[in-house]
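The values are calculated or read from the model by the stated rules, or taken from the named source; none is laboratory data. Just so we're clear, the structure is a prediction, and the values are computed from it rather than from any experiment. Note that we place each Cβ from the backbone using ideal geometry, even for glycine, and neighbour counts take in every protein chain shown.
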Number of protein chains: 2
Amino acid sequence: MRGAILYAPGDVRVEDRPDPTILEPADAIIRLSATCICGSDLWPYRGIEPIEGATPMGHEYCGIVEEVGSAVTTIRPGQFVVGSFWASDDTCELCQAGYQSACEHRVLMGTIGTQAEYARIPLADGTLVATPEPPSSDMVPHYLAASDVLGTGWFAAVAAEVGPGKTVAVVGDGAVGLMGVLAAQQLGAERIIAMSRHADRQKLALDFGATDLVTERGDEGVERIKDLTRGLGAHSVIEAVGTQESMLQAIRSCRPGGHVGFVGVTHDAAIGGMDLFMSLVHLHGGPAPVRRFLPEHLQLIENGDIQPGRVFDLTLPLDEAAEGYRALDERRAIKTLLTV
Amino acid sequence: MRGAILYAPGDVRVEDRPDPTILEPADAIIRLSATCICGSDLWPYRGIEPIEGATPMGHEYCGIVEEVGSAVTTIRPGQFVVGSFWASDDTCELCQAGYQSACEHRVLMGTIGTQAEYARIPLADGTLVATPEPPSSDMVPHYLAASDVLGTGWFAAVAAEVGPGKTVAVVGDGAVGLMGVLAAQQLGAERIIAMSRHADRQKLALDFGATDLVTERGDEGVERIKDLTRGLGAHSVIEAVGTQESMLQAIRSCRPGGHVGFVGVTHDAAIGGMDLFMSLVHLHGGPAPVRRFLPEHLQLIENGDIQPGRVFDLTLPLDEAAEGYRALDERRAIKTLLTV
């Protein structure tokens, strides 16, 4: 099969890789309907996260089940399925508490690489959620978005305790931040302030439910949020970037007693103890338990209630993944879908 | 009146200070029944928190109202009252949300100095809670504890979402940590693991409701908590120290999806973004909104349900405050009460 491999920073190639096979009885093999490139793929692509030799890329996926292992009981060949970037058993104590991304038996899909024609999915019964029928091709992008960005933005909104009557600020206008806007709208927020200075992303934010736009960043951005909230700060802040500046911007934009949900991978950030102490905010985040939300999200997509696939503004064949990475890296695209 | 003044690190003196007077119509003047020395008073005493010239000390207090300003409507002379280290109006949006320590009109009592015979209390109606009758002198220490340590430990427990069925770990065996143990017991925790290596504090922790003791610290302490929780970590962790080591110990002792409540003043700590991201814990803390809990706490004390004043293991006259600071600094005392 064809699959994307990162050889070195900036050097992604799509080449022939061995077809995956069932390795464990709980595995399934899926034929991908589509895959995509994540903002977090840019960390190794930019050399910020080191790689050890040639690394298969990708952790987002949806597709048709081809084969299942002997221990798989609920997932069947022919089903259209969506899973998350952490394979999880969905039965352990942490999964049952809603933290499938910390499953006691979790497997990181990024180590398998789903920017490919086929993928092995560990713990298939726990990981995968099937639709009643395979969707039409125009619906595939929405389901693919449910594999990561939708659930990640949604988790940030839930972590930020977004709800009716609340003012929400969203730091970050990438695909995850935009999904945070969509989630905030679905969760009933009264006011959704999207922080963005890019016209295309501003437009999508407004389409997804943003009520206000703030173009300033850092301390100026914080001041604008304060101006819009009688000096108090937002009740809920979604952080979807993962830098030192964005984390501080999020914490400072939040009122005492408010909630910051953060899902940006915070490689280079450190939060000063006194910043956090004096802010009196609640802070929660990390690798999103996307699996928690999949059944609900697949239903919302099937109903046509949400169109998360609209974040894909560039579609390329898998073989042109390298251009997809470049476009994302240079911010020419919000998110790149790769057809398989 | 007599009052404690910090002149330089290690140099506390009790000397004559002007009697306080009503400065604002919302003020009250109280005659202190007792006051005490806080772990956070050690920051400037040790020179870690700089002071600008001679500084009145103390922010914990209870006593009899002597006089009230013209705008005070509910608090009356002769009442026995308890207040928190933040004076607060108890009416603004943040107070109403339960964050009186972030009141829009808050005044830090530490700038007034309550290690003294009398104190001016700003925003008296919002700040002070009165008992039905002045208590007997043997009850005064319990009410004094409600002014800070009880409410601070309790806030940490609430921030850590302590409740029935949960395992709670308490990092820090100072007065606030011990109050965290008491709060966890009152809030119905199933298991309360106190981390302490001091026999006197261990005994008090057990009296307050601890079910397990862990003497190890740092990574070893974390491993012991994991051993006691099937490798997962505690549901709730109370952090009551405020150092880099204690914050990391708290975060690492907590399971994914669990809650860390921190109230140690985190002067010299910085939380690595990836530590926090990968932990998937909830983090909440800061200056405790003690006022939120005062009505409930005064009732629990009056009923004899809790005896928080047991944390005072050294009682000295106000004039011997310097010895009280030394005893606390050298860990010869858990908490020092000063009689007035």
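With region A:55-163 as the region, which strands (runs of 3 or more DSSP E) entirely inside it contain at least 1 residues that are assigned by TED's automatic domain parsing to the domain that holds A:Gly209?
none
For region A:71-96, name all the residues that are surrounded by fewer than 20 Cβ atoms within 10 Å (Cβ to Cβ) and either of a type in the set (Phe, Trp, Tyr) or within 14 Å of chain B (Cβ to nearest Cβ) (or both).
The answer is A:Cys92, A:Glu93, A:Gln96.
Each row is one residue, and each column tells you yes or no for (1) in contact with a helix residue (DSSP H, G or I) (Cβ under 6 Å, 6 or more places away or on another chain); (2) over 16 Å from A:His282 (Cα atoms); (3) not assigned by TED's automatic domain parsing to the domain that holds B:Ala157.
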{"position": "B:Ile238", "(1), (2), (3)": "yes, no, no"}
{"position": "B:Thr243", "(1), (2), (3)": "no, yes, no"}
{"position": "B:Cys254", "(1), (2), (3)": "no, no, no"}
{"position": "B:Leu280", "(1), (2), (3)": "yes, no, no"}
{"position": "B:Leu294", "(1), (2), (3)": "no, yes, yes"}
{"position": "B:Leu300", "(1), (2), (3)": "no, yes, yes"}
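Can you confirm whether region B:320-330 contains a residue that is assigned to a loop (DSSP other than H, G, I, E, B), under 20 Å from B:Gly47 (Cα atoms) and more than 17 Å from the chain's Cα centre (by Cα)?
Yes; the residues of region B:320-330 include at least one that is assigned to a loop (DSSP other than H, G, I, E, B), under 20 Å from B:Gly47 (Cα atoms) and more than 17 Å from the chain's Cα centre (by Cα).
For region B:182-269, which strands (runs of 3 or more DSSP E) that fit wholly inside it have 3 or more residues that are surrounded by fewer than 16 Cβ atoms within 10 Å (Cβ to Cβ) and touching a His at 6+ places or on another chain (Cβ under 8 Å)?
In region B:182-269, there are no strands (runs of 3 or more DSSP E) which contain 3 or more residues that are surrounded by fewer than 16 Cβ atoms within 10 Å (Cβ to Cβ) and touching a His at 6+ places or on another chain (Cβ under 8 Å).
With the structure loaded, tell me whether B:Gly309 is at the interface with another protein chain (Cβ under 10 Å from one of its Cβ atoms) and either crowded, with 18+ Cβ neighbours inside 10 Å or among the aromatic types (Phe, Trp, Tyr) (or both) or whether it fails that test.
The answer is no for B:Gly309.
Enumerate the pairs (first residue in region B:314-334 and buried (at least 23 other Cβ atoms within 10 Å of the Cβ); second residue anywhere and among the charged types (D, E, K, R)) with beta-carbon separation below 8 Å, excluding pairs fewer than 6 apart on the same chain, so at least 6 apart or on different chains.
B:Tyr325/B:Asp41; B:Leu328/B:Asp41; B:Leu328/B:Lys335; B:Ala333/B:Asp313; B:Ile334/B:Asp200; B:Ile334/B:Arg201; B:Ile334/B:Asp313
Just to be sure before I move on: is A:Met274 crowded, with 19+ Cβ neighbours inside 10 Å, over 18 Å from B:Met278 (Cβ atoms) and not assigned by TED's automatic domain parsing to the domain that holds A:Ile48 in the structure I sent?
So A:Met274 does not fit the description; no.
Which of (1) in contact with a Ser or Thr (Cβ under 8 Å, 6 or more places away or on another chain); (2) closer than 22 Å to B:Gly151 by Cα; (3) modelled with pLDDT under 95 is the odd one out, the single condition B:His235 does not satisfy?
Of the numbered conditions (1) in contact with a Ser or Thr (Cβ under 8 Å, 6 or more places away or on another chain); (2) closer than 22 Å to B:Gly151 by Cα; (3) modelled with pLDDT under 95, the odd one out for B:His235 is (3).
Among (1) closer than 26 Å to A:Pro44 by Cα; (2) over 22 Å from the mean Cα position of the chain (by Cα); (3) at pLDDT 95 or above, which single condition is A:Ile271 missing?
It fails just one condition, (3).
Within region B:98-132, can you find the residues that are more than 27 Å from B:Glu302 (Cβ to Cβ), out of contact with any helix residue (DSSP H, G or I) (no Cβ under 6 Å at 6 or more places or on another chain) and of a type in the set (Gly, Ala, Ser)?
Of everything in region B:98-132, those that are more than 27 Å from B:Glu302 (Cβ to Cβ), out of contact with any helix residue (DSSP H, G or I) (no Cβ under 6 Å at 6 or more places or on another chain) and of a type in the set (Gly, Ala, Ser) turn out to be B:Gly110, B:Gly113.
B:His284 versus (1) facing chain A (nearest Cβ under 8 Å); (2) assigned to a helix (DSSP H, G or I); (3) in contact (Cβ under 8 Å) with a residue 60 or more places away in the chain: which is the lone unmet condition?
(2)
Considering only region A:216-245, state which residues are among the β-branched types (Val, Ile, Thr) and within 23 Å of the chain's Cα centre (by Cα).
A:Val237, A:Ile238, A:Val241, A:Thr243
From A:Glu67, A:Glu60, which residue is touching a residue at least 24 places away in the same chain (Cβ under 8 Å) and either crowded, with 22+ Cβ neighbours inside 10 Å or hydroxyl-bearing (Ser, Thr, Tyr) (or both)?
A:Glu60
Just checking, which of A:Ala250, A:Ala240 is within 20 Å of A:Asp148 (Cα to Cα) and within 14 Å of chain B (Cβ to nearest Cβ)?
A:Ala240
Is there a residue in region A:45-53 that is in a strand (DSSP E or B), surrounded by fewer than 22 Cβ atoms within 10 Å (Cβ to Cβ) and more than 22 Å from the chain's Cα centre (by Cα)?
Among the residues of region A:45-53, not one is in a strand (DSSP E or B), surrounded by fewer than 22 Cβ atoms within 10 Å (Cβ to Cβ) and more than 22 Å from the chain's Cα centre (by Cα), which makes the answer no.
What do you reckon, is A:Val260 at pLDDT below 95, within 14 Å of chain B (Cβ to nearest Cβ) and under 26 Å from B:Leu276 (Cα atoms)?
no
Answer yes if at least one residue in region B:295-306 is within 14 Å of chain A (Cβ to nearest Cβ) and more than 15 Å from B:Gly180 (Cβ to Cβ), and no otherwise.
no
So the check is Cβ under 8 Å with 6+ separation or different chains; which pairs have a first residue in region B:147-167 that's hydroxyl-bearing (Ser, Thr, Tyr) and a second one that's in a helix (DSSP H, G or I) and surrounded by 24 or more Cβ atoms within 10 Å (Cβ to Cβ)?
B:Ser147/B:Val290; B:Thr152/B:Val176; B:Thr152/B:Met179; B:Thr152/B:Val290
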